[in-house]
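The values are calculated or read from the model by the stated rules, or taken from the named source; none is laboratory data. Computed from a prediction, not measured in an experiment: that's the story for all the values here. Heads up, the Cβs are rebuilt from the backbone with ideal geometry, glycines too, and the neighbour counts pull from every protein chain shown. With ligands, DNA and RNA removed, areas are computed over all heavy atoms of the protein, side chains included. Shrake-Rupley method; radii C 1.70, N 1.55, O 1.52, S 1.80 Å.
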Amino acid sequence: MFTELTKEAGLAALEPMCGCGLLGALKCIAGVEGILPMIHGPVSCSSGHRLAMLYAGVEPLLPTTCVEQSQMVLGSCERLEQAMRAAWEKYHPEILLVLLSCAVAMMGEDYQSCVRAYCQDTGKLALVLDGSALAGDEVDICPKLYAALCEALGVQNGTGSNIALEGFAKTDYAFQKNLPALERLINDSLQGCMTPGLFADSDVFSADGAYAGARKVYASLLWKRDGLDSAAPIGVRGSWRYLNYISRETGLPLRSEAERIYREYEEALEPIAAELRGRGLSVAVEGAGWYAYALADYLKNDLGCRVLLSVDRESGRIPWRKICDAFYEDTGRFELVELIQEFGAKIVFGSSNVQMDAQWRYIPFYQPVWRVVEPMALLGYEAAIQLAKQLLPEAIG
């Protein structure tokens, strides 16, 4: 039904994967100590997005100004000033981030005057960011928010031996599993040490913290979509490729044993991959580009699977036909379910929006995931071996 309607309307998708800028901003900073988000707009915008805080495993605390019809006519700045003072009195954040919803973004009021008054009264920072659909979707706001925070906090690229993956966030699915996997991968193979980035609870508010001097590399929510080299370290070959990319970006050399470690895992994967190749296992992937492009490449080119890929934003630098058999951009929910059914997938990596246990094996991969299940780590060498083993029963059966 959805696919037919989409074609008739001449649209790319009827059921988009991406949400508005409010969701993207919350994905960046949910659970980051010292930064308090506040929605300036109707209460529905706050209540509708507060569940994003659960992605980071934290209390869904999301203050709102609860703008009503009278403020839409007479102005909402007074309501915003009151809410900002209340937020300071109760929470004392290092940074208060005011996110404008669609309703107030169209009003064109001088919200910066509220920010100046707050900063003068509290001695702390406050920022205003347009989270409305007029300013773009959740993908567009992430680099804007990062740039605003860097300017406010004086963040610069460092020259030390620490590496910060900027954009790798606490709201990323399986963050608690993938963080130590990334640390092992980087610390074991590079002459450097990984430290949390700005969206992963860095020590940015500490004057002598490791983050300040860290060499910054963009990942996940801040991925530049500039090629597979910079995509997530998924698969054995993909992990080795990513290590070399990090080395080039930071100027930090690989350890002498790095290639030996890679070759050992490559040898361990080969018999499992050989079992999978030629069986034509059909797999669908729904996810953010940094993860999803890398997973699709591993599944198709290393394990021999047929792959349907749906990503939040297409990368113009990665020809999709080289990594998958069917490609969709910003397509999700029931429309994507229909496309997966037509594709004949036996395994689906994605959000709970595409969970159909009666039709395929579902593996949580992308938020939102509401299923109570132990997350599977997907980054690094060890995860590559385990993932290949997970696919074997479906391929053989």
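The figures follow:
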{"read-out": "From GLU259, GLU314, residue being in contact with a strand residue (DSSP E or B) (Cβ under 7 Å, 6 or more places away or on another chain), over 20 Å from MET376 (Cα atoms) and either acidic (Asp, Glu) or open to solvent by 60 Å² or more (accessible area, probe 1.4 Å) (or both)", "value": "GLU314"}
{"read-out": "Pairs, first within 15 Å of GLU374 (Cβ to Cβ) and polar (S, T, N, Q) in segment 176-192, second open to solvent by less than 10 Å² (accessible area, probe 1.4 Å) and modelled with pLDDT of 95 or more, C-beta under 7 Å, six or more apart", "value": "ASN178/LEU379"}
{"read-out": "Some residue of segment 315-326 being more than 16 Å from the chain's Cα centre (by Cα), among the hydroxyl-bearing types (Ser, Thr, Tyr) and modelled with pLDDT of 95 or more", "value": "no"}
{"read-out": "Filter result for CYS45 (outside any loop (DSSP other than H, G, I, E, B), open to solvent by 20 Å² or more (accessible area, probe 1.4 Å), touching a residue at least 12 places away in the same chain (Cβ under 8 Å) and hydrophobic (A, V, I, L, M, F, W, C))", "value": "yes"}
{"read-out": "Odd one out for SER352 among (1) out of contact with any helix residue (DSSP H, G or I) (no Cβ under 6 Å at 6 or more places or on another chain); (2) under 29 Å from ALA30 (Cα atoms); (3) touching a residue at least 24 places away in the same chain (Cβ under 8 Å)", "value": "(3)"}
{"read-out": "Qualifying residue in segment 100-120 (condition: within 20 Å of LEU221 (Cβ to Cβ) and in contact (Cβ under 8 Å) with a residue 40 or more places away in the chain)", "value": "yes"}
{"read-out": "Single residue of GLY350, GLY344, GLY380 found to be in contact with a Ser or Thr (Cβ under 6 Å, 6 or more places away or on another chain) and open to solvent by less than 20 Å² (accessible area, probe 1.4 Å)", "value": "GLY380"}
{"read-out": "Lone unmet requirement of (1) farther than 25 Å from PHE175 by Cβ; (2) in contact (Cβ under 8 Å) with a residue 24 or more places away in the chain; (3) not in a helix (DSSP H, G or I); (4) not charged (D, E, K, R) for LEU379", "value": "(1)"}
{"read-out": "Subset of segment 20-74 [of a type in the set (Val, Ile, Thr) and under 14 Å from the mean Cα position of the chain (by Cα)]", "value": "ILE29"}
